Amino acid sequence: MTALIEAKNISKTFSRGGVFARRRIEAVKGINFSLEEDKPEIFAVIGESGSGKSTLARMILGIHKPSGGQLIFQGQDVDKIPRAGRAAFMARVQPIFQNPFEAFNPLKKLDFYLTMTATRFGGATSRAEADAASDQALRQVGLSLDEIKGRFPHELSGGQLQRVAIARALVSKPRLILADEPVSMVDASLRMSIVNLFGDLRDRLGLSIIYITHDLATAYYISDRLIIMRHGEVVEQGPAREVLSNPQHPYSQQLRAAVLSPSATLETITPTH
Amino acid sequence: MSSQPILRVENLKAHFRGTYFGVSREVRAVDDISFDVERNEIFGLAGESSSGKTTLIKTIAGLIRPPLELVGGRAQFAFLPDAPTIHQAAPAAVAAIRWRHLSYIMQGSMNVLNPLRRIGATFRDFALPHLGGSAGAFEATVTAHLERLRLDPSVLSAYPHELSGGMRQRVTIALATICKPEFIIADEPTTALDVIVQKDVLGMIRSIQREMGSSVLFVTHDMGVHATLTDKLGVMYAGRLVEVGATRDVFAAPRHPYTRHLIHSLPRIGDVTQRSGLPGTPPNLANPPPGCRFHPRCPLAMDICRTVQPAMIDVGPGHRASCHAISEGGS
């Protein structure tokens, strides 16, 4: 039972201002969780804006250094990875961003990103190898290199572009994917196919996915476990369906009650005070 | 007068026309749309990005700027009785009804408030010319109105960046409703907000609408919001209205395959059945597919769908949909 990634009491404090009026903002306060190496799962991180979920994501990616605690990825402290080992770490932990239209440079062709990832992190040494790796990754998401080669981001719809973003993350054969609000900018008719794709990647490729979202309904639908964050702290955690069916913490209950669904009525949303 | 709808949209067409490198291009963003909005109701407009929702409400509000062009049809407001459509009314008449009768809650409250002016100054800029009266009386009106939206009067001396997203959105709602307009257009007002704040803001729009008896044209792609808030629902796909009816009826028995997909693909807490996305992608409006625009993605597509544009037909009281499968007798 080895951990793929383990967060041990990690926290992050930002300081703002100069010598005078110095303010400290505690974005993440002592979070613990761990994902098992041999048990791929979709782990949802739920919280409102400002709850520290994106700061947590940046720490997992090694962009921010934790101010306290340790983040262990496959037995290695993420913070202490030497410069030489950085690329190997990045190959194993890959991000997917919220807005596919902002994630890609509109003036660059899409296959450029796939080739770059293949040569930098995927170990491809020739053009042919990079193309083969790109094509393989694109096929995992239901596309192929023939469809993508030479095309610019504006030629694809949001859903297709997000698939390309996921394929790009898969090129380096990662163990962990960090998806920050990956479906909130995708059209409603295509959203569920992206969400289903995550489930498919978990089942077929054995990938673990950290799914950051504020959408409780998709978290319920796809994730195995979840943590609910508020003001940098975890207020509730556990198996996704159990927690969302019967939330215990007042904040989780409030979140649960705010989910709008076709069965909700007008009266339930009218403020009472 | 009371039986007359407050807004009647008939065969409205607005296209983007432009010439790029000598090639003229026409994007039919609003194509032959008709519906009525009655007094004291919330009319919801659903559809995904690039389905023409925002272009439609801009056209209805008379905010037509090149390259957008009005091609045909009309949008008549009951408070502009002399003009058959808002686009033919005198500019002075349109300016007079803005804010007073027709107001607009804009998308992205972060961007619509002037960051260099205090909220109070923004209120004076927008509402004072319409409300008139002394500065003291105006101040009192504004304060009373803010309290209705559970905002502290101290926000008037704050700059936009000092307020949270939810508060800013409430300020824009307060701005749009201060003159007690008869018709409010709301363009995705809650999309950028967190679920708890969203619920709060929706409840507020609902209660203030009920209190003032106004009509609201509420645009969002979130079907959950439509189910909770709106009285009537129109669903747009690729620049056309594909289904319209009472929200309750549309959710209970959606007739157009696209509406059915939107409703059935919504994940719900407590329901673990498999949901799926639609195959294909939304069409390019510069070159829409012939016949029914939905046919390349439609599970029920027949031969006729590929060539003939389906007409809007009645499928129930006040419930219309445009699909060949309905007229063929199937569903």
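All of the numbers you see were taken from the coordinates with simple rules; none came from a lab. Being a predicted model, the structure only gives us computed values, none of them experimental. As a convention, Cβ positions derive from the backbone with ideal geometry for all residues, glycine included, and neighbour counts pool all protein chains shown.
Restricting to segment B:147-186, give me the number of residues that are over 22 Å from B:Thr54 (Cβ atoms), out of contact with any Pro (no Cβ under 8 Å at 6 or more places or on another chain), outside any loop (DSSP other than H, G, I, E, B) and not basic (Lys, Arg).
Number of matching residues: 9.
Residues in segment A:148-190 that are closer than 30 Å to A:Glu6 by Cα and charged (D, E, K, R): how many?
Result for segment A:148-190: 6.
Is it true that some residue in segment B:208-215 is out of contact with any Pro (no Cβ under 9 Å at 6 or more places or on another chain), within 10 Å of chain A (Cβ to nearest Cβ), among the basic types (Lys, Arg) and part of a helix (DSSP H, G or I)?
For segment B:208-215, residues out of contact with any Pro (no Cβ under 9 Å at 6 or more places or on another chain), within 10 Å of chain A (Cβ to nearest Cβ), among the basic types (Lys, Arg) and part of a helix (DSSP H, G or I): present.
Kindly check whether there is at least one residue in segment A:102-112 that is of a type in the set (A, V, I, L, M, F, W, C), assigned to a loop (DSSP other than H, G, I, E, B), crowded, with 20+ Cβ neighbours inside 10 Å and at negative phi.
Checked segment A:102-112: at least one residue is of a type in the set (A, V, I, L, M, F, W, C), assigned to a loop (DSSP other than H, G, I, E, B), crowded, with 20+ Cβ neighbours inside 10 Å and at negative phi.
Hey, A:Leu244 hits all of (1) facing chain B (nearest Cβ under 9 Å); (2) without any contact (Cβ under 8 Å) to a residue 40 or more places away in the chain; (3) surrounded by fewer than 21 Cβ atoms within 10 Å (Cβ to Cβ) but one; which does it fall short on?
Of the numbered conditions (1) facing chain B (nearest Cβ under 9 Å); (2) without any contact (Cβ under 8 Å) to a residue 40 or more places away in the chain; (3) surrounded by fewer than 21 Cβ atoms within 10 Å (Cβ to Cβ), the odd one out for A:Leu244 is (3).
Can you say whether A:Leu260 is without any contact (Cβ under 8 Å) to a residue 12 or more places away in the chain, crowded, with 23+ Cβ neighbours inside 10 Å and not in a helix (DSSP H, G or I), as far as the supplied structure shows?
yes
Checking B:Ala29 against (1) in contact with a Gly (Cβ under 7 Å, 6 or more places away or on another chain); (2) not aromatic (Phe, Trp, Tyr); (3) not in a strand (DSSP E or B), only one condition comes out false. Which one?
For B:Ala29, the exception is condition (3).
Does segment B:283-291 include one or more residues that are over 27 Å from B:Pro5 (Cα atoms) and facing chain A (nearest Cβ under 10 Å)?
The answer is yes, given that some residue of segment B:283-291 is over 27 Å from B:Pro5 (Cα atoms) and facing chain A (nearest Cβ under 10 Å).
What is the number of the single condition among (1) small (Gly, Ala, Ser); (2) away from chain A (no Cβ under 14 Å); (3) under 13 Å from the mean Cα position of the chain (by Cα) that B:Ala14 does not meet?
(3)
Pick out the one residue from A:Ala128, A:Ala118, A:Ala133 that is more than 25 Å from A:Tyr211 (Cα to Cα) and more than 17 Å from the chain's Cα centre (by Cα).
A:Ala128
Quick grid of which residues meet (1) touching a residue at least 12 places away in the same chain (Cβ under 8 Å); (2) surrounded by fewer than 22 Cβ atoms within 10 Å (Cβ to Cβ); (3) in contact with a helix residue (DSSP H, G or I) (Cβ under 7 Å, 6 or more places away or on another chain):
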residue: A:Ile10; (1), (2), (3): yes, no, yes
residue: A:Thr13; (1), (2), (3): yes, yes, no
residue: A:Arg16; (1), (2), (3): no, yes, no
residue: A:Ala21; (1), (2), (3): no, yes, no
residue: A:Gly52; (1), (2), (3): yes, no, no
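Of all residues being of a type in the set (S, T, N, Q) and free of Cβ contacts under 8 Å to residues at least 60 places away in the same chain in segment B:197-250, which is farthest from B:Cys298 (Cα to Cα)? Just the residue, please.
The selected residue is B:Ser207.
In this structure, does B:Thr172 turn out to be of a type in the set (S, T, N, Q), more than 9 Å from chain A (Cβ to nearest Cβ) and in contact with a strand residue (DSSP E or B) (Cβ under 7 Å, 6 or more places away or on another chain)?
For B:Thr172, the condition - of a type in the set (S, T, N, Q), more than 9 Å from chain A (Cβ to nearest Cβ) and in contact with a strand residue (DSSP E or B) (Cβ under 7 Å, 6 or more places away or on another chain) - is met.
For a quick check of your reading: which helices (runs of 4 or more DSSP H) sit entirely within segment A:150-241 and have at least 1 residues that are away from chain B (no Cβ under 14 Å) and more than 20 Å from A:Leu110 (Cα to Cα)?
Passing ranges, in order: A:188-205.
May I ask you to list the residues in segment A:88-106 that are farther than 20 Å from A:Pro182 by Cβ and out of contact with any helix residue (DSSP H, G or I) (no Cβ under 9 Å at 6 or more places or on another chain)?
A:Ala88
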